[in-house]
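What follows is a short report on a single structure.
The values are calculated or read from the model by the stated rules, or taken from the named source; none is laboratory data. Not measured: the values here are computed from a predicted model. Here the Cβ is made from the backbone with ideal geometry for all residues, glycine too, and neighbour counts use every protein chain on show. For accessibility, only protein heavy atoms count, side chains too; no ligands or nucleic acids. Shrake-Rupley method; radii C 1.70, N 1.55, O 1.52, S 1.80 Å.
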Amino acid sequence: MPELDLPKRFLHWYALLVAAGVLLLICSGGLVTSHGAGMAVPDWPNSFGYNMFLFPLSHWVGGVFFEHTHRLIASGVGLLTIVLCVATLVVEDRSWVKWLSGLAVLAVIIQGVLGGLRVTEHNALLGLFQGCLAQAFFCLVATIALVTSRFWRRFERVGDQTEIRRLRFWTVVITVMVFIQLALGASMRHSHTGLSIPDFPTAYGGLFPPLDAASIAHINDARATTQAAPPITAGLILLQYLHRGWAVLIVIGLLSVATAILRNRRVPAPARRGAGFWVLLVLAQFALGAWTIWSNKAADIATSHVFVGALTFMTGVLLSVVLSAMLRSPRRDDSPATLRKEVARA
């Protein structure tokens with residue numbers, strides 16, 4: 001198998017850079033939400049009437065700092081994504097990779113529009129959609145980085161094998177579960193009600209939280225007097241309780257699937273290492289979730305929870321992509337140009 005030439009190596013490393021930028025953007029958005037700074041800058045695309053890129057540095061204080069920085073990072077990621085698409089069109093010879101890069105540009109445009117509408121329409125639901133799209137966009141760019149790598153062109157395709165197909169199925173299932181969990185977490189953050197269940201591993205001191213009207217009224221009275229926190233509802237308590245229970249199911253399922261991947265020697269070594277990393281991520285994510293509660297939703301801990309959650313989802317997506325590629329019929333390379341070179345060399 002020939003080595004990748006310099007332009008293709010550059011494309012791969014540049015895609016990694018863009019993926020890192022998207023991850024930074026997700027963390028920045030987590031800080032905005034954790035600090036309650038989503039409406040700190042009330043206009044868009046300007047910032048307090050200034051051109052976004054000319055907004056005076058002296059005004060970057062408090063929540064404005066987090067929101068305005070998030071906007072600048074988002075603009076940078078948009079530009080990087082456009083350059084990635086152009087570079088892919090020039091360098092790549094696989095049409096489906098070019099389509100992926102075009103889809104990335106479409107996704108980042110939609111992401112930016114949703115962010116702007118979140119401000120102009122004062123609609124928290126749009127913030128929820130934007131957060132979920134950001135996770136999908138991150139995985140899309142990470143997938144482009146994967147399929148432009150030397151590893152992608154070199155690992156063995158095994159064809160239709162029952163064991164690999166089963167691993168792929170359960171990896172996809174767990175990855176979908178992780179995405180649902182991220183959506184539940186985003187729903188909790190964008191409800192801006194703080195911790196609906198303030199203790200862990202118990203729920204208001206018991207296995208199940210109280211949901212009757214009298215208990216909810218008593219909880220809200222206590223929150224108003226001792227925490228100065230906004231009121232909650234039975235639905236918000238159920239949402240957080242579901243988030244906890246779903247997390248337990250994810251940990252159990254992910255550990256089982258990752259262990260099976262680690263034991264299967266047909267899976268490429270880098271993918272097996274990825275499965276090991278997946279295990280570390282989900283354990284760290286579970287611990288950070290508990291720490292978020294114990295720290296009363298400290299901004300840095302909550303943002304770390306968002307960061308590791310994004311990596312957990314991304315790892316599941318990439319493992320699913322690799323396992324799916326393994327099920328293709330064995331072939332020497334995806335590149336028609338490389339095939340022609342090898343035929344001529346023969």
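For residue 269, all conditions in the list (1) closer than 30 Å to residue 162 by Cα; (2) among the aliphatic types (A, V, I, L, M); (3) touching a residue at least 24 places away in the same chain (Cβ under 8 Å) hold save one; what is the number of the exception? The number of the failed condition is (3). Beta carbons closer than 6 Å, at least 6 apart along the sequence or on distinct chains, never pair a first residue in the stretch 11-29 that is without any contact (Cβ under 8 Å) to a residue 24 or more places away in the chain and within 26 Å of residue 128 (Cα to Cα) with a second that is assigned to a helix (DSSP H, G or I) and open to solvent by 20 Å² or more (accessible area, probe 1.4 Å). The numbered conditions (1) open to solvent by less than 30 Å² (accessible area, probe 1.4 Å); (2) modelled with pLDDT under 90 are all true for residue 206 except (2). Kindly provide the set of residues from the stretch 30-56 that are open to solvent by less than 40 Å² (accessible area, probe 1.4 Å), in contact (Cβ under 8 Å) with a residue 24 or more places away in the chain and within 10 Å of residue 71 (Cβ to Cβ), ordered by number. 32, 41, 47, listed by residue number.
Results for (1) open to solvent by 30 Å² or more (accessible area, probe 1.4 Å); (2) aliphatic (A, V, I, L, M); (3) part of a helix (DSSP H, G or I); (4) over 14 Å from residue 322 (Cα atoms), shown as yes or no for each residue.
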{"site": "110", "(1), (2), (3), (4)": "yes, yes, yes, yes"}
{"site": "116", "(1), (2), (3), (4)": "no, no, yes, yes"}
{"site": "157", "(1), (2), (3), (4)": "no, no, no, no"}
{"site": "171", "(1), (2), (3), (4)": "no, no, yes, no"}
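Only one of the numbered conditions (1) among the β-branched types (Val, Ile, Thr); (2) closer than 19 Å to residue 135 by Cα; (3) not in a helix (DSSP H, G or I) is violated by residue 303, and that is (3). The residue of the stretch 125-155 that is surrounded by the most Cβ atoms within 10 Å (Cβ to Cβ), among those that are of a type outside the set (A, V, I, L, M, F, W, C) and farther than 19 Å from residue 112 by Cα, is 148.
Checked against (1) part of a helix (DSSP H, G or I); (2) open to solvent by less than 70 Å² (accessible area, probe 1.4 Å), residue 230 meets all criteria but (1). Applying the criterion of being open to solvent by 50 Å² or more (accessible area, probe 1.4 Å) and among the aliphatic types (A, V, I, L, M) to the residues of the stretch 57-71, the residue that is nearest to the chain's Cα centre (by Cα) is 61. Within the set 264, 296, the sole residue that is of a type in the set (S, T, N, Q) and either modelled with pLDDT of 90 or more or open to solvent by less than 10 Å² (accessible area, probe 1.4 Å) (or both) turns out to be 264.
Residue count for the stretch 267-290, restricted to those that are modelled with pLDDT of 95 or more, of a type in the set (A, V, I, L, M, F, W, C) and open to solvent by 20 Å² or more (accessible area, probe 1.4 Å): 8.
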